[in-house]
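Laboratory data are not the source of any read-out in this text; all were calculated from the coordinates shown. These numbers were taken from a predicted model, which means no experiment stands behind them. Glycine gets a Cβ as well: all are built from the backbone with ideal geometry, and neighbour counts include every protein chain shown.
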Amino acid sequence: MQKMESRLVALSVLAVLVMSLQPAAFASTLTVNLDPNSKVAKLTSVSTTNLVLTYPANSTLSTYLKSYNSSLSLSGNFNSSDGGLRRFQARLDEQANDSVSVQNMTVAYKYTAKANATAFVVALETDITAQVSGVFKISNGTVTADLGWKSFHIDGAMDLNLEGRNVDVNQVGSSLSQSIAGNELGAGALAGMFAGNGMWAKPTLNFSSLSTPLSDWTRSYDSITNTTTYSKTISGQAILSSKYSNGGETYSLTVTSDPSASISTHGYAVASGNSLVITKAPLAANPISWVAAVAATMVILGSAAYLVRRSRAKGRLRSSTLPGPLEGN
């Protein structure tokens with residue numbers, strides 16, 4: 001009983017320590033703004049991932065890592081000829097039947113890494129802003145936007161040249177290695193424990209959980225701005241975990257992500273699978289247009305009534321001014 005209580009206390013203390021190292025806000029978001037006029041979509045993805053490594057307080061790894069603290073912030077702009085952009089393009093193509101084209105891309109990559117005696121936490125964020133064409137199709141006057149690529153994920157490395165440094169902005173293992181590059185002993189120990197399993201190559205640029213059809217998302221229409229928005233939030237967090245045991249000691253690596261998305265377009269749009277059909281808003285969906293139509297009708301009716309009254313008044317006036325019948329002498 002005492003052993004169980006001691007274990008529960010230890011786990012509680014560990015949870016507090018890990019939480020104290022994690023950032024206050026944590027969420028991955030995908031935002032797509034569609035412009036039917038320019039036929040271009042602006043994609044903005046914020047991929048936020050928490051990497052949490054726990055280890056025994058008296059372990060060699062704890063000695064290597066405790067009090068470790070590092071951070072990095074890099075960015076870069078890429079055109080259609082860049083290899084990193086082409087890799088991103090390829091992943092969108094696979095889910096959009098080669099119909100979309102990434103014109104340009106801006107990437108910002110940053111992390112903070114902190115450790116204490118029992119936990120090492122990396123808060124990682126990769127922001128991508130891209131202009132995507134080839135999204136819209138027009139058939140028989142109907143405009144349709146294909147959003148099948150909204151649930152993109154990048155498999156393998158996505159190497160980018162950011163401010164003169166070659167950085168893989170995707171894989172879990174790369175993120176860990178980069179965040180601990182200043183501690184060679186710790187980096188070597190981590191690679192020895194986890195580099196051989198699937199967790200090491202897991203992608204952090206991963207919105208695959210948003211693959212459900214847009215027709216299943218939450219829809220809203222703002223008649224004032226004439227904008228339709230579809231949104232989706234995944235309930236709960238996507239958690240991946242891996243453990244390594246040696247000599248009675250257990251080391252655990254956990255990866256956490258929490259994606260959500262918002263897709264908006266100017267105009268009245270209705271989802272059909274993973275496509276949006278953009279049409280003219282019916283009067284019932286646009287109260288401003290309805291009010292305008294009613295007002296216009298009232299003006300027309302009022303004008304007609306006025307003209308009728310005026311015509312009748314003129315008729316009476318003419319009748320009153322006509323000379324009476326001539327009397328004989």
Rounded, prolate or oblate (a/c below 1.5 giving rounded, otherwise prolate when a/b exceeds b/c) for segment 57-132 by Cα gyration tensor
prolate
Estimated vicinal HN-Hα couplings, Hz - segment 174-190 in sequence order (Karplus 6.51, -1.76, 1.60; Gly, Pro = x)
5, 4, 5, 4, 5, 6, 10, 4, x, 10, 5, 5, x, 5, x, 5, 5
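What FRET efficiency do you get for Thr31 and Ala117 if R0 is 35 Å and r is their Cβ-Cβ distance, rounded to the nearest 0.05?
On the way: r = 39 Å, r/R0 = 1.13.
Efficiency for this residue pair is about 0.35.
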To the nearest 0.05, how large is the calculated FRET efficiency for Thr225 and Ala191 if R₀ is 45 Å and r is the Cβ-Cβ distance?
0.30
Rounded to whole Hz, the Karplus (6.51, -1.76, 1.60) HN-Hα couplings of segment 195-200, x for glycine and proline:
5, x, 10, x, 4, 4
Roughly how big is segment 129-251's charge dipole about its Cα centre, with Cβ charges of +1 (Lys, Arg) and -1 (Asp, Glu), in debye to the nearest 20?
320
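What length, rounded to one decimal in nm, is gained on full extension from Ser208 through to Glu163, with 0.36 nm per residue of separation minus their alpha-carbon distance? Provide the component values of the computation, followed by the final result.
On the way: separation 45, 0.36 × 45 = 16.20 nm, distance 2.92 nm.
Net length gain for the segment: 13.3 nm.
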Taking the mean number of other Cβ atoms within 10 Å as a proxy for protection, how do you rank 59-70, 133-144 from highest to lowest?
59-70, 133-144
